[in-house]
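Colleague: Before anything else, here's the structure in question.
The values are calculated or read from the model by the stated rules, or taken from the named source; none is laboratory data. Everything numeric in this text was worked out from a predicted model, so none of it was measured. Neighbour counts are summed over all protein chains in view; Cβ atoms, including those assigned to glycine, are modelled from backbone coordinates with ideal geometry.
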Amino acid sequence: MSELNQGKLQGKHAVVTGGGRGIGAAIADALAAEGVRLTLLGRNEEVLKAKAETLPDAVPLACDVTNRDAVEDIFGKARENYGPVDILVNNAGAAHPSPFMKTSPDDLQAMLDVNLMGPWHCIQAALPDMLEKGNGRIVNIASTAALIGYKYVTAYSAAKHAVQGMTRSLALELANKGITINSVCPGFTETDIAFDAIENIMNKTGRSRDEAIAELAKHNPQKRFIQPEEVASAVLWLCEDINRSMTGQAISVAGGEVM
Ligand code: NDP
């Protein structure tokens, strides 16, 4: 028990998708502070490079997680840099709100591609390393929209609910292999996604910025936006060795919005 309690992540290799900005950048900071070596994935190489330069041991690799061949290729490069992957954080995601009848099959597919298939491809690329070691941590940044419904985000919510379904079932497949998989489910968090949602409300309803912010923040019983660092803290906790019994869970970081 004592060695589990050490909770040491020093020297482990984590891949964080969407690690250049927003919640992913905060997760990268939190893991780096524990001595984790980081591979940061995302489409915008400049953003990734700028983030990696702020960290002691991080390599930026440009990759669109919806492209399976690119994902396989990039995990090969990540392994060349830092060896087998110990931790995978599926954080890359996108939300494009629209009323249901204005959401085309292509819109739905786009949400599934980035929010579900991206994590799916990355897990299949990382798992062989974890299975070989008999140890690993997978954390998916889902959303409260993986657990409850909201208006005007049917495609996003469908994709995020699917992530949680995958998480629960895969947790059972991996239960006796030393690998855990969980979701962290933030409420509205102060990043570009929330800023885009604020703009969207202002444009569609004519409300002021403050009114749009209040509209989104009202979902959170604490009446505020979550900070990216709060989400990162939950991710870090799930990555600790001592938390090996946490698997298949959806941890809401949402001020009590979901319980
Ligand atoms: P941001 O828009 O700030 O960041 C999204 C990240 O995902 C960027 O780093 C982006 O990098 C990356 N990304 C998007 N599409 C792709 C792609 N196809 N391939 C690779 N990387 C991609 O959003 P957040 O930080 O807020 O979001 C992070 C996660 O948190 C998402 O999964 C989101 O659904 C979830 N979430 C966010 C909430 C919020 O209110 N902010 C609430 C609940 C969940 P690049 O553009 O360079 O590719």
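Colleague: Please specify each residue of the stretch 138-162 satisfying the condition of being touching a strand residue (DSSP E or B) at 6+ places or on another chain (Cβ under 8 Å), among the hydrophobic types (A, V, I, L, M, F, W, C) and touching a residue at least 60 places away in the same chain (Cβ under 8 Å).
Modeller: Val139, Ile141, Ala142, Ala146, Leu147
Colleague: Based on this model, can you work out whether Thr180 counts as surrounded by 15 or more Cβ atoms within 10 Å (Cβ to Cβ), touching a helix residue (DSSP H, G or I) at 6+ places or on another chain (Cβ under 8 Å) and under 18 Å from Val16 (Cα atoms)?
Modeller: Judged against the criteria, Thr180 is a match.
Colleague: Sticking with this one: Taking into account only those residues within the stretch 133-151 that are part of a helix (DSSP H, G or I) and within 16 Å of the ligand (Cβ to nearest atom), which is farthest from Leu108 (Cα to Cα)?
Modeller: Thr144
Colleague: Taking Ala232 as the residue in question, decide whether it is within 13 Å of the chain's Cα centre (by Cα), within 14 Å of the ligand (Cβ to nearest atom) and either of a type in the set (Lys, Arg) or farther than 13 Å from Ala250 by Cα (or both). Outline the logic, then answer.
Modeller: On the way: within 13 Å of the chain's Cα centre (by Cα): yes; within 14 Å of the ligand (Cβ to nearest atom): yes; either of a type in the set (Lys, Arg) or farther than 13 Å from Ala250 by Cα (or both): yes.
Taking the combined requirement at face value, the residue satisfies it.
Colleague: Given the conditions (1) within 11 Å of the ligand (Cβ to nearest atom); (2) in contact (Cβ under 8 Å) with a residue 60 or more places away in the chain; (3) among the hydroxyl-bearing types (Ser, Thr, Tyr), and given that Thr66 satisfies all but one, which numbered condition is not satisfied?
Modeller: That leaves (2) as the condition not met.
Colleague: Can you tell me which residues in the stretch 25-48 are surrounded by fewer than 16 Cβ atoms within 10 Å (Cβ to Cβ) and either in a loop (DSSP other than H, G, I, E, B) or within 14 Å of the ligand (Cβ to nearest atom) (or both)?
Modeller: Gly35, Asn44, Glu45, Glu46, listed by residue number.
Colleague: Oh, and also: Can you name the residue in the stretch 83-132 that is free of Cβ contacts under 8 Å to residues at least 12 places away in the same chain and more than 23 Å from Glu240 (Cα to Cα) and is also nearest to the ligand (Cβ to nearest atom) among such residues?
Modeller: This residue is Gln109.
Colleague: Give the residue that is nearest to the chain's Cα centre (by Cα), with candidates limited to residues of the stretch 69-82 that are under 17 Å from Lys51 (Cβ atoms) and more than 13 Å from the ligand (Cβ to nearest atom).
Modeller: Within the stretch 69-82, the match that is nearest to the chain's Cα centre (by Cα) is Ala78.
Colleague: Also, I was wondering about something else. Determine whether Ala50 is under 24 Å from Val184 (Cα atoms) and either among the β-branched types (Val, Ile, Thr) or in the same structural domain as Trp237 (by TED's automatic domain parsing) (or both).
Modeller: no
Colleague: I've got another one for you. Scan the stretch 197-224 for residues that are exposed (fewer than 15 other Cβ atoms within 10 Å of the Cβ) and part of a helix (DSSP H, G or I) and jot them down. Break it down stepwise before answering.
Modeller: The first filter runs over the stretch 197-224 and keeps only residues exposed (fewer than 15 other Cβ atoms within 10 Å of the Cβ), leaving 199, 203-206, 208-211, 214, 218, 221-224.
Scanning the stretch 197-224 gives Glu199, Asn203, Lys204, Thr205, Arg209, Asp210, Glu211, Ala214.
Colleague: Of the conditions (1) β-branched (Val, Ile, Thr); (2) surrounded by fewer than 24 Cβ atoms within 10 Å (Cβ to Cβ); (3) within 12 Å of the ligand (Cβ to nearest atom), Thr154 satisfies every one except a single condition; which number is it?
Modeller: Only one criterion in (1) β-branched (Val, Ile, Thr); (2) surrounded by fewer than 24 Cβ atoms within 10 Å (Cβ to Cβ); (3) within 12 Å of the ligand (Cβ to nearest atom) is unmet by Thr154, namely (3).
Colleague: While we're on this one: Exactly one of these conditions fails for Ser169: (1) away from the ligand (no atom under 13 Å from the Cβ); (2) crowded, with 20+ Cβ neighbours inside 10 Å; (3) of a type in the set (S, T, N, Q); (4) outside any loop (DSSP other than H, G, I, E, B). Give me its number.
Modeller: Here Ser169 meets the rest and fails (2).
Colleague: Follow-up. Those residues that are buried (at least 22 other Cβ atoms within 10 Å of the Cβ) and under 25 Å from Ala146 (Cβ atoms), I need them from the stretch 73-94; list them, please.
Modeller: Within the stretch 73-94, Phe75, Val85, Asp86, Ile87, Leu88, Val89, Asn90, Asn91, Ala92, Gly93 meet the criteria.
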